[in-house]
Structure formats: C-alpha cells, structure tokens
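Enquirer: Supplied in structure tokens, the structure appears directly below.
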Amino acid sequence: MYQKVIRGRGSLGKLPQMSGKLGITHPLIIGSKHLIGNLLKKDPELLNAPVFSDYHPNPDLQDALPAAELYRARQCDGIISIGGGSAIDSAKAAKAILHTGSLEDTAAGKLPERMNTPHIAIPGTAGTGSEATQTAVVYLENKKMSLNHPDLQPDGVILDAELLDTLPLYHKKSAALDALSQGIESYWCAGATDDSRVHAYLAVLGVLDNLKTYLAGDIHAAEEMLDASFQSGKAIQITRTTAAHAMSYQITKTMGYAHGHACMLTLPVLWEMAEKEESMQEILQDLSAKMRLGDPQMVPRLLRGILYDLEMEIPGMPAEETLNALAASVNLERLGNHPVKMTAEDVKEAYRRAFTPLCAAEQKACQDIWKYYSE
C-alpha cells in the first residue's frame, strides 16, 4: 500500500491537507492526552472531535472495543492516532474491530478482505515505527497476539519532530533503542530482502549517528531519529522482528522496563550466540562492517556500552521461577524468523546472560567503545 508521508518540523500543521486528501472530515482521535493537546492547538477545527485515550501502555485488544463504539456513535469517517506505538496499535485494533464487527472475530483473525477506514498516524516517539507497518501488537487475556492485514498500515503519516521535544528522557532513550534493535533484527533475520536491508541499514546508522546529539536536544538530530524510526518500521514491515523482540514483551509486562530497553537487554547476548554459528559469519561480518565496526565481536560490546552510557538499568538476576516463566512466555514457533534455531533452553540461557551484569572493567571497556564511536 502506498502511504502519504509528510515530514519536517511543524508538519503537524499540514494535517488538514492530508485529512482532506483521505476524505476524513469527522475523525476519531486516539492518543495520549498531552499530544492530543498539541494537535488541537495546531488544528482548532478538531476541538469537537471525539477523543479516546483509555488504552494501556501495552494495549489490550479490549481497550480498542470502546474506541470502536465511540467511532460508531459519533459517526466518524476516519481515525487520527497520535503518540507512541501503543496509541497507533490501539487505533489499528479499533479499525479491525470496526470491520469485523466483534472483538471475538478480531481476536480470531477473521479480518475482511478490505478495511477502508482511513487512518492517519502521527508518531510522538522516535522508536516503534508502527506508523509504517500493517501489524498491531496487542494483548488478550494477558497473551500477546498480532493483528496483521495490509489495510492496517496507516494511509497517511506525519513525521513532525517537534512532538519529540517534550518526551521524557527515559522514553526518548528506550524508543531509540527499539529502532536500533528493529534495524539489526531486520537486517539479520531469515526473511531479510535487499529492500528490507536498505531500510534496516538506514535505521541502524540513523540511530547510531544521531543518538547523542538527539538526547542533548539537537533539533536536526531529532528529525534524523524520527526518520530512522520510520525506516526501522519500513524494514520490519517487510521482514518482521526476531528473538530480541519476542523476548522483550514479558520483560516489559513483568519488570516494567520500556519496550526498547527490554529489547536491548537481550540483543547483545543473541548476537554473541549467533556468532558461534558458522552459517552466521558472513551476515554478521557484513552488518558489523556497515556499522563501521570491523570485528563482529565489537557489536555486542558497543550495544552494551550504549546501555551503560545511557544509564539504562541492567536488572539483577531474577529467581529461577521468574526465569522459567520468562522462557515459557516465548513461543518457539514464532522464532522462525530468528536467524538461528533456538530451543527453550537457549531462550532461558539468553535471559540468564542478559541479567548478568558485567564487572566494572568490562563495563568501562564497553562504554569506551561507544564513547570513541560516537565522538
């Protein structure tokens, strides 16, 4: 599907233009209250539009049911979502319910051939790339599920880096790590293509080259980070993600770490495990070279260096019962896109190693690599 995309600081002001092209005159707005406030200041004509913000950070499919009911009750003709991945995925889920007619059919994946409700996505974070994908990650009865349909890809996207200016620092960091993880995972995954690797490369380098200045408040770097996030979304739209993402969701739900933070806890370990496979040597060498690191062994050290430099907490070792529960939460059948086969024991070992902090000397060595790299 072709997406209409508007870029640049202040581009939120062009929302009426995009809405007109998509035939949206009476939208339902789904998003965080703070960002909806910014939206209404830019477009006062939306002041009478119905607003829905009652979704969870990791959205439950049931969250989308009242949104769909509000859409019908107010006779809306399109959706505008503004916020992070939770807002955009909630909007996708509401759209799916509108077209199936019930939560049960949506949960069963009984999506119709066409879903024509127009949707404009306005990301308020630089990380998830959800604005570029046809997938919504939601939960039902505490179980993760994905809604997947070409018509769930938003019809329009507005990339306005001004929306990142007031984002809390921790969420800026975590979202950036999400985009970086998505880029790496898309590049090395079993389903990678030449096109997906172009988007993945742009995502990875976009994050690495702009992360420090973005966090320091540079407005140009913020635009580059927002584009890197969009590129990561375009990459996973083609390929989907791998084990780091699959293993992150329960870390977020049980330990409270934001999604990108959770992904980056396991990604260095998964890279090291992949290095032991002969079949992975060529792709890891290729990717490390594109990251301007000649030795693939430097990549996990760089990633850990970023975590430590950003003061992103490494959890202490959880109880064996918790490790077992984390490992059991990962559906091995859904790891088919991971570049190497993983058993349940492999998954548990990856969690164990991810929660093992480095000694002080190792931490400093990793931080020095990132410091040298980012100067």
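The values are calculated or read from the model by the stated rules, or taken from the named source; none is laboratory data. Model, not experiment: these values are computed from the prediction. FYI the Cβ positions are ideal-geometry reconstructions off the backbone, even for glycines, and counts take in every protein chain you see. Note: areas computed on protein heavy atoms with side chains; ligands, DNA, RNA excluded. Shrake-Rupley method; radii C 1.70, N 1.55, O 1.52, S 1.80 Å.
Enquirer: Evaluate E = 1/(1 + (r/R0)^6) for Ala73 and Leu169, where r is the Cβ-Cβ distance and R0 equals 30 Å; express this FRET efficiency to the nearest 0.05.
Expert: On the way: r = 39 Å, r/R0 = 1.29.
In this case the efficiency is close to 0.20.
Enquirer: Sorted by mean Cβ packing within 10 Å, highest first, what order do the peptides 158-166, 355-363 take?
Expert: Most protected by this proxy first, the peptides run 158-166, 355-363.
Enquirer: Could I ask something else about it? Return the single residue from Ile238, Ile82, Ile29 with maximal mean-square fluctuation; model: Gaussian network over the chain, springs between Cα atoms under 10 Å.
Expert: So, out of Ile238, Ile82, Ile29, the one fluctuating most is Ile238.
Enquirer: Quick one: Cα centre-to-centre distance for the range 1-27 and the range 235-270, in angstrom?
Expert: Going from one Cα centre to the other spans 31 Å.
Enquirer: A further question follows. Report in % the part of the accessible area of the chain that belongs to carbon and sulfur, leaving out ligands and nucleic acids; probe 1.4 Å. Write out the running numbers ahead of the final one.
Expert: Numbers: 7750 of 15750 Å².
That fraction is 49 percent.
Enquirer: For the range 274-365, what is the accessible area per residue in Å² when the probe is 1.4 Å? Don't skip to the end; give the middle numbers.
Expert: Values: 5000 Å² over 92 residues.
Solvent-accessible surface per residue comes out at 54 Å².
Enquirer: Same structure, new question: Work out, step by step, the length gained on full extension between Lys41 and Ala289: first 0.36 nm times the residue separation, then minus their alpha carbon distance; give nm to one decimal. Don't skip to the end; give the middle numbers.
Expert: On the way: separation 248, 0.36 × 248 = 89.28 nm, distance 4.54 nm.
Taking Lys41 through Ala289 to full extension adds about 84.7 nm, to one decimal.
Enquirer: From the convex hull of the Cα coordinates of the range 223-363, what is the mean projected area in square nanometres? Spell out each step's value before the answer.
Expert: Numbers: hull surface 37.0 nm².
Seen from a random direction, the Cα hull of the range 223-363 projects 9.3 nm² on average.
Enquirer: Given the pairs Lys143/Lys253; Lys253/Lys341; Lys212/Lys371; Lys234/Lys276, which are separated by over 18 angstrom at their Cα positions? Please list the in-between numbers first.
Expert: Working: Lys143/Lys253 11 Å; Lys253/Lys341 25 Å; Lys212/Lys371 10 Å; Lys234/Lys276 29 Å.
The pairs that break the limit, which is 18 Å between Cα atoms, are Lys253/Lys341; Lys234/Lys276.
Enquirer: Once the convex hull of the alpha carbons of the range 235-291 is built, what does its volume come to per residue, in cubic angstrom?
Expert: Numbers: hull volume 5.6 nm³, N = 57.
Expressed per residue, the convex hull around the Cα atoms of the range 235-291 is 99 Å³.
Enquirer: Now for a different question. Among the GluC sites (Glu not before Pro) in the range 254-330, which ones are in a DSSP loop with at most 16 other Cβ atoms within 10 Å of the Cβ? Mind listing them?
Expert: On the way: sites: Glu272, Glu275, Glu277, Glu278, Glu282, Glu311, Glu313, Glu320, Glu321; in loops: Glu277, Glu311, Glu313.
Qualifying residues, ordered by number: Glu277, Glu311, Glu313.
Enquirer: While we're here: Keeping all protein chains in place, calculate the accessible area per residue for the range 115-270 (probe 1.4 angstrom), answer in Å².
Expert: Working: 4530 Å² over 156 residues.
The answer is 29 Å² per residue.
Enquirer: Could you calculate the FRET efficiency of Asp105 with Asp368 from 1/(1 + (r/R0)^6), where r is the beta carbon distance between them and R0 is 51 Å, rounded to 0.05?
Expert: Numbers: r = 54 Å, r/R0 = 1.07.
Given R0 = 51 Å and the Cβ-Cβ separation, E is 0.40.
Enquirer: Right, here's the next one. At 0.692 mPa s and 37 °C, plugging the Kirkwood radius over alpha-carbon pairs of the range 1-47 into Stokes-Einstein gives what diffusion coefficient in µm²/s? Please report the intermediate quantities before stating the final value.
Expert: Working: Rh = 11.7 Å.
Answer, rounded: 281 µm²/s.
Enquirer: Assuming a viscosity of 1.306 mPa s and a temperature of 10 °C, what translational diffusion coefficient in µm² per second does Stokes-Einstein assign to the chain, Rh being the Kirkwood radius over Cα pairs? If you can, show how the numbers build up before the last one.
Expert: Working: Rh = 20.9 Å.
Reported coefficient: 76 µm²/s.
Enquirer: Given the peptides 176-189, 221-234, arrange them by the average over their residues of other C-beta atoms within 10 Å, most packed first. Mind showing how you got there, number by number?
Expert: Values: 176-189: 28.6, 221-234: 25.6.
Ranking the peptides 176-189, 221-234 by packing returns 176-189, 221-234.
Enquirer: Sticking with this structure for a sec: So if each residue of separation counts as 0.36 nm, and I subtract the Cα-Cα distance between Arg114 and Lys253, what length gain in nm does that give?
Expert: On the way: separation 139, 0.36 × 139 = 50.04 nm, distance 3.29 nm.
Taking 0.36 nm per residue and subtracting the Cα distance, the gain is 46.7 nm.
Enquirer: Provide, as a two-decimal number, the C-alpha radius of gyration of the range 156-229 over 2.2 N^0.38 Å, N being how many residues it has. List each step's numbers first, then the result.
Expert: Values: Rg = 12.6 Å, N = 74, 2.2 N^0.38 = 11.3 Å.
Against the compact-globule rule of thumb, the ratio is 1.11.
Enquirer: Could I get the Rg over Rh figure for the range 1-108? Both from C-alpha atoms, Rh via Kirkwood, rounded to two places.
Expert: Working: Rg = 13.7 Å, Rh = 14.3 Å.
Rounded to two decimals, Rg over Rh is 0.96.
Enquirer: How far apart, in nm, are two points set 7 Å out from the Cα along the Cα-to-Cβ line at Glu277 and at Asp60?
Expert: Those two pseudo-labels are separated by 3.7 nm.
Enquirer: Taking the mean number of other Cβ atoms within 10 Å as a proxy for protection, how do you rank 207-216, 65-74 from highest to lowest? Walk me through the intermediate numbers first.
Expert: Details: 207-216: 19.9, 65-74: 17.1.
With the highest mean Cβ count within 10 Å placed first, the list reads 207-216, 65-74.
Enquirer: How far apart, in nm, are the 7 Å Cα→Cβ label points at Gln297 and Ala325?
Expert: A separation of 3.8 nm, rounded to one decimal place.
Enquirer: Taking 0.36 nm per intervening residue step and subtracting the Cα-Cα distance, what contour gain separates Leu358 from Glu313 on full extension? Present the calculation step by step, with values, prior to reporting the outcome.
Expert: Details: separation 45, 0.36 × 45 = 16.20 nm, distance 1.20 nm.
Net length gain for the segment: 15.0 nm.
Enquirer: Moving on. Among Ile120, Ile283, Ile306, determine the one that fluctuates most according to a GNM of the chain built with springs between C-alpha atoms less than 10 Å apart.
Expert: Ile283
Enquirer: Under 1.5 on a/c is rounded, so check that first for the range 76-222, then, if it is not, pick prolate when a/b is larger than b/c and oblate when it is not; a ≥ b ≥ c are the square roots of the alpha carbon gyration tensor eigenvalues. It would help to have the intermediate numbers written out before the result.
Expert: On the way: a/c = 2.07, a/b = 1.57, b/c = 1.32.
Note, shape of the range 76-222 comes out prolate.
Enquirer: Under the Karplus relation 6.51 cos²θ - 1.76 cosθ + 1.60, θ = phi - 60°, what is the ordered set of whole-Hz ³J(HN,Hα) values for the range 185-202, x standing for Gly and Pro?
Expert: With the stated coefficients, the range 185-202 comes to 5, 5, 5, 9, 6, 5, x, 5, 10, 4, 5, 5, 6, 5, 4, 5, 4, 5 Hz.
Enquirer: Hey, can you grab everything whose amide H is under 5 Å from the amide H of Ser329? Only 5+ residues off in sequence or another chain; H modelled, so Pro and N-termini drop out.
Expert: Amide H neighbours of Ser329, under 5 Å, 5+ apart: none.
Enquirer: With just the Cα atoms defining each centre, how far is the range 290-323 from the range 146-220? Give it in Å.
Expert: The range 290-323 and the range 146-220 have Cα centres spaced 19 Å from each other.
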